[in-house]
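Okay, here's the structure, questions in a sec.
Rule-based calculations on the coordinates, nothing more; no lab input. This is a predicted model, so every value here is computed, not measured. Neighbour counts run over all protein chains shown; Cβ positions are idealised from the backbone, glycine included.
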Amino acid sequence: MTSTQTKQAALHHHLRTLGSVAVAFSSGVDSTFLLKTTHDLLGSQTLAVTVHSRLSPQRELDESVQFTHNEGIEHAIIEIDELAIPGFAQNPADRCYLCKTAIFTRIRSIAEKRNILHVAEGSNADDSSDYRPGLRAIAELGILSPLRDAGLTKQEIRQLSNELGLPTWNKQSFACLASRFPYGEEITKDRLAMIDVAEQYLIDAGFRQVRVRFHGNMARIEMDDEGLHRLSDKALRETIYGKFKNIGFLYVAIDILGYRAGSMNETL
């Protein structure tokens, strides 16, 4: 048995002991794998809960609805306005803590009303190496992190997802749109909409792993190596600039280091 298989076996054993679980489901790589595994083991004692808000593109909600429908998993969708959370819009360094506290308080309330014993979320072993104030909220509220507890890394989750035939096994990584703003830069609905439209444009243009970081009137684009190679085409760069200018950016910059998760934490 490989190390990955050993971790998967530990995950299965843990989930079987829980009885019933509400899984926070974003339709990303990790939460899709966790939801699928939990449902395979616990069946109807599994509930998927998806948050719909300005911080997540519509495509993510659509994918969550499609997946749960295809798998026959009960699915609850909750609406949350993170900008109404006290202090959130000012974008402090503990923004994620404020947000996760509000979100998981709601999810836990839904679980309690349905007599579901546990709430679980999809952070993995790699998440412990980055600045993640949201994990403090998860711990304080007693939310389970089965993938992280089993020691499963993002790459291992992709591998196991592929073996399960999950469409998300090679899906690009995604983080909420608030992570596109430097700490201290105010987050507004109009600015979130600018980022959402800009990133969706790049995705529709065939770029796979992208981030559009907000720096006032400048957009800083992070891409994987394949995307950076495509940007050697001057005509393509000019087209992107024209689109971003229409969105509301005056300047558009390409980050020469490319895409990297949590780049806004480099200032901390």
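Please provide three numbers in whole Å: the alpha-carbon extents of segment 1-105 along the principal axes, with the largest listed first.
Extents along the principal axes: 48, 29, 23 Å.
Which value, in Å³ per residue, describes the convex hull spanned by the Cα atoms of segment 177-267?
On the way: hull volume 7.9 nm³, N = 91.
Per-residue hull volume (Cα only) is 87 Å³.
Amide H of Ala120 versus every other amide H placed in the peptide plane: which residues, excluding those fewer than 5 positions away on the same chain, fall under 5 Å?
So Ala120 has HN proximity to Ala22, Val23, Ala24, Leu144.
What are the ³J(HN,Hα) couplings of segment 170-180, residue after residue, when phi is run through the Karplus curve with 6.51, -1.76, 1.60 and θ = phi - 60°? Round to Hz, x for glycine and proline.
Karplus values, whole Hz, x for Gly and Pro: 10, 5, 5, 5, 9, 10, 4, 5, 5, 6, 8.
Residue separation times 0.36 nm, minus the C-alpha to C-alpha distance between Tyr251 and Asp40: what's the value?
Between Tyr251 and Asp40, full extension yields 71.1 nm more.
For Lys245, go through the lysines and keep the ones whose alpha-carbon is under 21 Å away, minus same-chain ones fewer than eight residues off.
Within the straight-line limit of under 21 Å, Lys245 reaches these lysines: Lys189, Lys234.
Quick one: Debye curve from the alpha-carbon atoms of the chain only, equal weights, vacuum; give me log10 I(q)/I(0) at q = 0.08, 0.13, 0.14 Å⁻¹ to two decimals.
At q = 0.08, 0.13, 0.14 Å⁻¹ the computed log10 ratios are -0.34, -0.89, -1.02.
At a Förster distance of 41 Å, what's the computed FRET efficiency of His215 paired with Glu112, Cβ-Cβ distance as r, to 0.05?
It comes to 0.45.
Here's something else I'd like to know. Quick one: give the max-minus-min coordinate of the C-alpha atoms of segment 122-208 along each principal axis, largest first, in Å.
In descending order, the Cα extents are 39, 35, 19 Å.
Kirkwood hydrodynamic radius for segment 54-133: how many Å is it when counted over pairs of different Cα atoms? Walk me through the intermediate numbers first.
Working: mean 1/r = 0.0674 Å⁻¹.
Over segment 54-133, the inverse of the mean reciprocal pair distance is 14.8 Å.
Something else now. Which far-off residues, 5 or more places away or on another chain, put their amide H under 5 Å from the one on Thr50, with H placed in the peptide plane?
Phe25, Ala76, Ile77, Ile78
Over what distance in Å are the Cα centres of segment 136-174 and segment 50-129 separated?
Using only Cα atoms to place each centre, the spacing works out to 15 Å.
Okay, moving on. Over the chain, what is the relative contact order in percent, taking alpha-carbon pairs closer than 8 angstrom and at least six residues apart?
With pairs under 8 Å counted, the relative contact order is 18 percent.
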